[in-house]
Amino acid sequence: MVKAKRVAVFEKNVIDRFIYERILKRADNTSYHFFGDLDNALAVGQTTPFDIVFVDVHFGGENCGLEILPHIKKVCSGNLVSIAVTSFIQRNDFEKIMAAGFNLCIEKPLLEENIFTIGLEKTN
């Protein structure tokens, strides 16, 4: 049996949240939570340690998504997979994202195949 995955999405954009939800609904044995602010996420994260987090690089302002990852890691599982998501990568951004401690960076618009390459299982 596949271990249940707990996914957190740090995204303020309503349309992007809708896309995540459409994709994550198809993930087998997965629960997911959406967060529009860090305080709420950390409060929930202390009782629900997440396995996978998607963080909009511009969550809370320019590059603020990069600054919140250490806070998220404090309350999440040791095997946390952290994915930075952005719609606009400029020169040297990828290096900044990786230096901030993310495991992966994907570009918007979100594609189902990108979401399912990180260890989530699709329902049949």
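The values are calculated or read from the model by the stated rules, or taken from the named source; none is laboratory data. The structure presented is a predicted model; accordingly, all values stated were derived computationally and were not measured. Here the Cβ is made from the backbone with ideal geometry for all residues, glycine too, and neighbour counts use every protein chain on show.
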* Structure fact -> Note on residue 111: of the conditions (1) at pLDDT below 85; (2) surrounded by 15 or more Cβ atoms within 10 Å (Cβ to Cβ); (3) under 20 Å from residue 15 (Cα atoms); (4) out of contact with any Ser or Thr (no Cβ under 9 Å at 6 or more places or on another chain), unmet is (2)
* Within the range 60-94, which residues are in a helix (DSSP H, G or I) and surrounded by 16 or more Cβ atoms within 10 Å (Cβ to Cβ)? -> 65, 66, 68, 69, 72, 75, 93
* Across the range 24-38, what is the total count of residues that are part of a strand (DSSP E or B) and surrounded by 15 or more Cβ atoms within 10 Å (Cβ to Cβ)? -> 6
* Long-range neighbours under 9 Å by Cβ, at least six apart or interchain, first residue on the phi > 0 side of the Ramachandran plot within the range 15-28, second surrounded by 15 or more Cβ atoms within 10 Å (Cβ to Cβ) and among the polar types (S, T, N, Q) -> none
* What about residue 53, is it of a type in the set (A, V, I, L, M, F, W, C), modelled with pLDDT of 80 or more and crowded, with 16+ Cβ neighbours inside 10 Å? -> yes
* Asked: Among 97, 106, which is the only one that is modelled with pLDDT of 75 or more and either part of a loop (DSSP other than H, G, I, E, B) or surrounded by 19 or more Cβ atoms within 10 Å (Cβ to Cβ) (or both)?
  -> 97
* Would you mention how many residues in the range 114-124 are outside any helix (DSSP H, G or I) and either of a type outside the set (D, E, K, R) or modelled with pLDDT of 75 or more (or both)? => 4
* Asked: For residues in the range 1-32 being closer than 13 Å to residue 116 by Cα, more than 14 Å from the chain's Cα centre (by Cα) and charged (D, E, K, R), which is modelled with the lowest pLDDT?
  -> 28
* To do: Can you tell me which residue within the range 1-23, out of those that are closer than 13 Å to residue 110 by Cα and hydrophobic (A, V, I, L, M, F, W, C), is surrounded by the most Cβ atoms within 10 Å (Cβ to Cβ)?
  => 9
